[in-house]
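Worksheet: the structure to be examined is printed underneath.
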2 protein chains.
Amino acid sequence: MISLNRDEIEALIDHDLAAEAVAEAYRATSLGKVNLPPVGHIAFPDHAGDCHIKYGHVAGDPFFVIKIATGFPGNEALGQPNGNGLSVVMSAETGEVRALLHDEMVMTDIRTGIGGAIATKLLARKSSLKITVVGSGVQARRQIESHASLMSEDLIFKIWGRSVDKTAAAVKAVPETINVSQVTDLEDACRNADVIVTATGSTSPLIQSDWVQPGTHITAVGADALGKQELESEVVVSADALFADLASQSLDHGEFAIPAANHLIDTNRIVEIGDVLANPGCGKSSDDHVTVADLTGIAAQDIAIAGVVLNAFMATV
Amino acid sequence: MISLNRDEIEALIDHDLAAEAVAEAYRATSLGKVNLPPVGHIAFPDHAGDCHIKYGHVAGDPFFVIKIATGFPGNEALGQPNGNGLSVVMSAETGEVRALLHDEMVMTDIRTGIGGAIATKLLARKSSLKITVVGSGVQARRQIESHASLMSEDLIFKIWGRSVDKTAAAVKAVPETINVSQVTDLEDACRNADVIVTATGSTSPLIQSDWVQPGTHITAVGADALGKQELESEVVVSADALFADLASQSLDHGEFAIPAANHLIDTNRIVEIGDVLANPGCGKSSDDHVTVADLTGIAAQDIAIAGVVLNAFMATV
């Protein structure tokens, strides 16, 4: 049995191979090729923590993956990361445990960054140059790195976070080859952006509808549970086109949940990224259109990134 | 992070401590102290295999456990065990991974054996001496060992299995201090037993009602999924008292599921083992009564046995 820790896993992930695998996961999901049982969940109210168990199997794959992820917001005060977890890779042919990937969330962080960049590249105007990233955590940094890697090193990033200090630290953590600067005026940064990427855990909308100019694309990756919302409902309502990694999840607990619950959007309008990848004509139809992609994270991507790690490891032995 | 393999785990389990922990798990479950989300499940029809994810948290415990167990019946033809799996022990205070117990089912095997012996000891006539065990697999052997250990080394075991060769091998695997002999006449062995323990994966009833004499206690541990049935429905219907580790599971996918679905039993009659442990007066009320205990396996026992392993390991470091 293979057992890898966080550092070993991160060293094994080639960003381009991971991007191919995450794109394929989008496609497989939208084609219905992924067996995805309901996500397991257990809460620990005494410590405001919880644990999610995401698992699934892509038709034909020789393995399947069970991802266990915990979130304990009180850890930060103890100087520990809030998120923890591991993925268990098992044979879909014999049920044996093939690998324990004790990644402490790094696989999720990377696949989420790549998933956001794939959505932006697919849906933003081809001339997009100015990207405003909202958030100051690990995921804001991953989004910047993935966008630079998958789209262009010439992109100009602005980053805004609620905490000025944390945001400054995030800027420092980004490789120097990337053009990123911290801003304090979120409205201005949104009004002057070609693309807005939101990666916060906000429970009240940060982005107002009148800040969003025609032609803007928004990739929202923060809302992954009921009660989280990064975009004012009007942003979603007035957008010309809506996209999601998995429409059912976005409507259940993603950015589209609240506008849908208030009957403000036609849920049939939501197009899945995997369908756009298969048929790019489903994407942005005019450079003046505002487009919103909501990404809640799909188990197929967890399977994909685990596959990348395993293949890379097997090539070393 | 602690990481233990099957042999290390088996060496760390003290049978008496495990028996205490499993009994406490029965009690905690019946007292409603265990948070038990629905069991996760994913099937692999191409290989007739499946995977169950059982997880839960006992109120107040500093850790929780996620048990992943697979069953691929085709493995046997490849000379591999059908069952595989591991348990992940995580902090209920920070969400960190505390331990990976790659037990390949040995913890489940041991806790199931102990769980059966606790039920028999609690519910059988005190004078019980002759135990007929039905089945020839690992669990039949575990039941014999646990009954001898928890009840008396003087017990006289008969074992019957569908395969004469496999049954002979099971007899050989039992320690020589235990009085066990193989039989080929199941009816005779049941008619002459004080206790019948069934531990098969049978999908059609093996034990007929007219073989069961007054005063007999039956512990049935085999039926753990819909479609499995070891006892003719009439055995259950005509029993004087019915017991279960978790009544809702026994009615859903255990030995009581088929008689209940056919409205042959009053489901309110089922008493949980944990309630009998807390109040022995709920047990067998006459030495002439036939009693049936159906054990489908509860996550609290998986948590309990993981705790025993962890505590023993911590005492060594």
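If you filter segment B:9-56 down to residues that are closer than 14 Å to B:I110 by Cβ and charged (D, E, K, R), you find that the one that is farthest from the other protein chains (Cβ to nearest Cβ) is B:D16. Residue count for segment A:224-260 under the criterion of being open to solvent by 40 Å² or more (accessible area, probe 1.4 Å), over 18 Å from A:G201 (Cβ atoms) and assigned to a helix (DSSP H, G or I): the result is 5.
Condition check: over 17 Å from the mean Cα position of the chain (by Cα), open to solvent by 10 Å² or more (accessible area, probe 1.4 Å) and hydrophobic (A, V, I, L, M, F, W, C). Does B:L129 satisfy that? Judged against the criteria, B:L129 is a match. Can you pull out every residue in segment A:202-211 that is free of Cβ contacts under 8 Å to residues at least 60 places away in the same chain and crowded, with 16+ Cβ neighbours inside 10 Å? Answer for segment A:202-211, where residues must be free of Cβ contacts under 8 Å to residues at least 60 places away in the same chain and crowded, with 16+ Cβ neighbours inside 10 Å: A:S202, A:P205, A:S209, A:W211. Residues of segment A:102-118 include at least one that is within 11 Å of another protein chain (Cβ to nearest Cβ) and of a type in the set (A, V, I, L, M). Does segment A:218-226 contain any residue that is over 14 Å from the mean Cα position of the chain (by Cα), of a type outside the set (D, E) and under 29 Å from A:P38 (Cα atoms)? Yes: segment A:218-226 contains one or more residues that are over 14 Å from the mean Cα position of the chain (by Cα), of a type outside the set (D, E) and under 29 Å from A:P38 (Cα atoms). Taking the listed residues B:V290, B:V271, B:V276, the one that is touching a Pro at 6+ places or on another chain (Cβ under 7 Å) and on the phi < 0 side of the Ramachandran plot is B:V290, with no other qualifying.
A:G135 falls short on exactly one of the conditions (1) at the interface with chain B (Cβ under 8 Å from one of its Cβ atoms); (2) closer than 30 Å to A:S152 by Cβ, and that condition is (1). Among the residues making up segment A:261-295, those that are open to solvent by 20 Å² or more (accessible area, probe 1.4 Å), under 23 Å from A:G201 (Cα atoms) and not in a loop (DSSP other than H, G, I, E, B) are A:A261, A:E272.
If I go through segment B:168-215 residue by residue, how many of them are touching a His at 6+ places or on another chain (Cβ under 8 Å) and of a type in the set (G, A, S)? Show your work before the answer.
Filtering segment B:168-215 down to residues touching a His at 6+ places or on another chain (Cβ under 8 Å) leaves B:194-197, B:214-215.
Then keep just the ones that are of a type in the set (G, A, S); that gives B:215.
So the answer is 1.
For segment B:135-223, the helices (runs of 4 or more DSSP H) that sit wholly inside it and include 3 or more residues that are under 16 Å from B:D294 (Cα atoms) are B:138-150. Within segment A:17-45, restricting attention to residues that are farther than 30 Å from B:H57 by Cα and without any contact (Cβ under 8 Å) to a residue 40 or more places away in the chain, the residue that is most open to solvent (accessible area, probe 1.4 Å) is A:E20. Within segment B:58-95, being within 7 Å of another protein chain (Cβ to nearest Cβ), more than 20 Å from the chain's Cα centre (by Cα) and either open to solvent by 20 Å² or more (accessible area, probe 1.4 Å) or without any contact (Cβ under 8 Å) to a residue 24 or more places away in the chain (or both) holds for B:N75, B:Q80, B:V88, B:E93, B:T94, B:G95. Report whether or not B:K166 is farther than 21 Å from B:D245 by Cα and either within 19 Å of the chain's Cα centre (by Cα) or in contact (Cβ under 8 Å) with a residue 12 or more places away in the chain (or both). Judged against the criteria, B:K166 is a match.
The residues of segment B:178-192 that are within 22 Å of B:E153 (Cα to Cα) and loosely packed, with under 14 Cβ neighbours inside 10 Å amount to a single one, B:S181.
The values are calculated or read from the model by the stated rules, or taken from the named source; none is laboratory data. All figures in this text were calculated on a predicted structure; none of them were measured in a lab. Every residue, glycine among them, receives a Cβ derived from its backbone with ideal geometry; neighbour counts consider all protein chains shown. Keep in mind that these areas ignore ligands, DNA and RNA; they rest on the heavy atoms of the full protein, side chains included. Shrake-Rupley method; radii C 1.70, N 1.55, O 1.52, S 1.80 Å.
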